[in-house]
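K.L.:
If you scroll down you'll find the structure; I have some questions about it.
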Amino acid sequence: MLALLGLIMVVTFTYLIMSKRLSPIVALTVVPIVFALVGGFAPDLGKMMLDGLKMVAPSAALLLFAILFFGLMIDAGLFDPLIRKILKRVNGDPIKIAIGTALLSLLVALDGDGTTTYMITCAAMLPLYKRIGMNPMILATVSMLSLSIMSGMSPWGGPATRAIAALGLDATDYFIPMLPTVIGGAAWVVFTAYLLGRAERRRIGNVALESGGGNCYIKEILGDTPHKRPRLAYVNLVLVIVVMTALVLGLMHAAILFMIGFVAALMINYPQLELQKERILAHSGNAMTVVLLVFAAGIFAGIFSGTKMVDALAQTLVDWIPEAWSHWFPLVVALTSMPLTFVLSNDAYYFGVVPILANAAAAYGIDPVEIARASVLGQPVHLMSPLVASTLLLVGMVDKDIGDFQKATVKWAVLTSLVITALAVLTGALSFFV
């Protein structure tokens, strides 16, 4: 009964968001409350919601200070040289722009952080998309797919790290057989960018940005605001490198690092109190929208987990898998990871569901490491979810609605998951027979 209630709740929630009957913040909050009341969980509802808020509070703080930190770096013009080089290379060709977006986002996503990937990629490419009239959904789609490959499957990325920890695996045993899949997945993202760019070229053609104006279009895109601090470029670069190095080394929690980085950037670039207030207000709208969505997602996750609907759904899935499919179990995990990670946070899926799947697989003689590899193959679909904090940031940066984003990306996300699943099977990362 709980599994059915959870399934209906997820379907209702998804429909309301994608059909724009409710805003994401309202749907994430109201829908789980209603279903929890229907399920008879009213006495524990407050505690479950508070537990969910506590769970997402670090992510909310991280996004708040990361948005403010990178917003200040963009204001100060730190990324202008990089943007200038990209603009000179791609000119006004939508195919080159889309492929440039893929290469840049794949490179930046190596650090495993979605917030950083989206902030830097959008800072570099979004002005160009707007300038020539390209659909910013291409930027969002390519960036999301890049993150799903480079962060989703690498052992230092969040999903794989959780899977390895939950099952007590060795990172090397997990990753070496996955390398061909990662490389092939990156190539697929570049090819996807080419397809999207080609379709956009048919729509708007090549835009001759340099005609009659030399590099004027670059100046137009980059702008020349009083907030630029070109003389502090190297100081800002060192600050970013220090923050990112500390992040990779795990010296402090990411939220604390970005808070310190933001405060330092504010004092270095805008020492006057009025300027500090002005810059904070300039980015507070985007930051507050994302933080509110994160807290609403915490309500949803807290109720979904606290009512045990997620456990019931996972157990039902295991029970429904016919024994004749036992040798195909890793493939079943890979395919079901798409819908499961869409409706669950990574913590809920990898620490709650994956151990159940691994135990079921062990009964068939399947190594848990294959379940870990299979479980990360649904990450392209997971990153479409409104429960993912960095996705909310990406949607906000391209100024689109989460429902429109999902409609534009669902085909490519599912296709990418299927492609990397096929690559994992073909290269031996997943096996059919034991």
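The values are calculated or read from the model by the stated rules, or taken from the named source; none is laboratory data. Treat the numbers as computed from the prediction; the structure is a model and nothing was measured. All Cβ positions, glycine included, derive from the backbone under ideal geometry; neighbour counts span all protein chains shown. Keep in mind that these areas ignore ligands, DNA and RNA; they rest on the heavy atoms of the full protein, side chains included. Shrake-Rupley method; radii C 1.70, N 1.55, O 1.52, S 1.80 Å.
K.L.:
Only Cα pairs within less than 10 Å get springs; with that Gaussian network setup on the chain, which residue of Gly152, Gly71, Gly285 has the largest fluctuation?
P.N.:
Gly285
K.L.:
Let's see if you can work this out: charge +1 on each Lys and Arg Cβ, -1 on each Asp and Glu Cβ, no other charges. What is the dipole magnitude of the chain about its Cα centre, in debye to the nearest 20?
P.N.:
That gives a dipole near 1340 debye.
K.L.:
Give the lysines reachable from Lys47 as a straight Cα distance under 18 Å; neighbours fewer than 8 places away on the same chain don't count.
P.N.:
Lys308
K.L.:
Using a Förster radius of 25 Å, what is the FRET efficiency between Ser23 and Val414 based on their Cβ-Cβ separation? Nearest 0.05, please.
P.N.:
E between Ser23 and Val414, to the nearest 0.05, is 0.50.
K.L.:
Carbon and sulfur atoms: what percent of the 1.4 Å accessible area of the chain do they account for?
P.N.:
Using a 1.4 Å probe with all protein chains present, the chain comes out at 67 percent carbon and sulfur.
K.L.:
Label-point separation (nm) for Ala422 and Lys54, each offset 7 Å from Cα along Cα-to-Cβ?
P.N.:
Going from the Ala422 label point to the Lys54 one covers 4.6 nm.
K.L.:
Over 28 Å between Cα atoms: which of Lys20/Lys96; Lys228/Lys277; Lys96/Lys277; Lys20/Lys85; Lys96/Lys411; Lys85/Lys411 fall into that group? Numbers along the way, then the final one.
P.N.:
Numbers: Lys20/Lys96 34 Å; Lys228/Lys277 16 Å; Lys96/Lys277 39 Å; Lys20/Lys85 39 Å; Lys96/Lys411 22 Å; Lys85/Lys411 32 Å.
Where the Cα-Cα span goes over 28 Å, the pairs concerned are Lys20/Lys96; Lys96/Lys277; Lys20/Lys85; Lys85/Lys411.
K.L.:
Next question. Nearest 10 degrees is fine. How inclined is helix 309-320 to the longest principal axis of the chain, computing both from alpha carbons?
P.N.:
60
K.L.:
Can you give me the accessible area per residue for the range 80-203, using a 1.4 Å probe, in Å²?
P.N.:
35
K.L.:
Using the crude model of +1 on Lys and Arg Cβ and -1 on Asp and Glu Cβ, and no other charge, please compute the dipole size for the range 68-142 relative to its Cα centre, in debye to 20.
P.N.:
Here the size comes out at about 380 debye.
K.L.:
Modelling each spin label as a point 7 Å along the Cα-to-Cβ direction, I'd like the His227/Ser431 distance in nm, to one decimal.
P.N.:
My value for the distance between the label points is 5.6 nm.
K.L.:
While we're looking at this one, here's another question. Expressed in nm to one decimal, what extension gain is obtained for the pair Ala187 and Val34 from 0.36 nm per residue of sequence separation less their Cα-Cα distance? Before the final figure, lay out each step's value.
P.N.:
Values: separation 153, 0.36 × 153 = 55.08 nm, distance 4.40 nm.
Taking Ala187 through Val34 to full extension adds about 50.7 nm, to one decimal.
K.L.:
Tell me the angle of helix 179-204 to the major Cα principal axis of the chain, expressed in degrees between 0 and 90 and rounded to the nearest ten.
P.N.:
50
K.L.:
FRET efficiency for Gln315 and Glu274, Cβ-Cβ distance as r, R0 = 51 Å, nearest 0.05?
P.N.:
Efficiency, rounded to the nearest 0.05: 0.30.
K.L.:
Quick one: grab Rg to one decimal and Dmax as a whole number for the range 288-430, Cα atoms only, in Å.
P.N.:
16.0, 50
K.L.:
Now for a different question. Nearest 10 degrees, 0 to 90: what angle lies between the long axis of helix 273-306 and the longest principal axis of the chain (Cα atoms)?
P.N.:
The answer is roughly 10 degrees.
K.L.:
Relative to a virtual label point 7 Å from the Cα of Leu237 in the Cα→beta-carbon direction, which members of the range 245-284 show backbone nitrogen distances below 17 Å?
P.N.:
Only 245 fall inside the zone, counting backbone N under 17 Å.
K.L.:
When you take every Cα atom in the chain, what is the radius of gyration, and what is Dmax, the widest Cα pair distance, in Å?
P.N.:
22.2, 70
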